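Presented below is the structure to which this report refers.
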Amino acid sequence: MEMTMQINYEQIMGLIRQMPANQIERIKNEISDKYIQTRSVKDITDFQKFILSAPVMSAEQYDKFKQNRKDFNQWRTN
């Protein structure tokens with residue numbers, strides 16, 4: 001037998017606030033360890049996929065970028 005309940009965020013927080021600190025810590029750890037990590041892996045958004053598929057600078061390109069930034073900063077301050 002399965003039972004479904006409609007509980008909003010405020011009601012959940014009210015129930016959690018009534019719990020002892022050690023049980024709140026236990027809930028926090030269980031949610032962090034199991035739920036959030038598995039959800040975050042599954043719920044990759046289109047934007048995240050776009051960012052993850054973007055090109056990456058090589059070490060030489062990054063060195064050139066840092067030198068250019070240094071040159072521009074000197075030009076602005078002089």
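What are the residues in region 17-27 that are more than 23 Å from the chain's Cα centre (by Cα) and surrounded by 10 or more Cβ atoms within 10 Å (Cβ to Cβ), if any?
From region 17-27, those more than 23 Å from the chain's Cα centre (by Cα) are 17-23; that's our starting set.
Within region 17-27, M19, Q23 qualify.
Here's the yes/no breakdown for (1) assigned to a loop (DSSP other than H, G, I, E, B); (2) at pLDDT 80 or above:
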position	(1), (2)
M19	yes, yes
E30	no, yes
R39	no, no
Q48	no, yes
P55	yes, yes
Y62	no, yes
R76	no, no
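The values are calculated or read from the model by the stated rules, or taken from the named source; none is laboratory data. Small disclaimer: the values here were computed from a predicted structure and weren't measured. Note: ideal-geometry Cβ built from the backbone for every residue, glycine included; neighbour counts use all protein chains shown.
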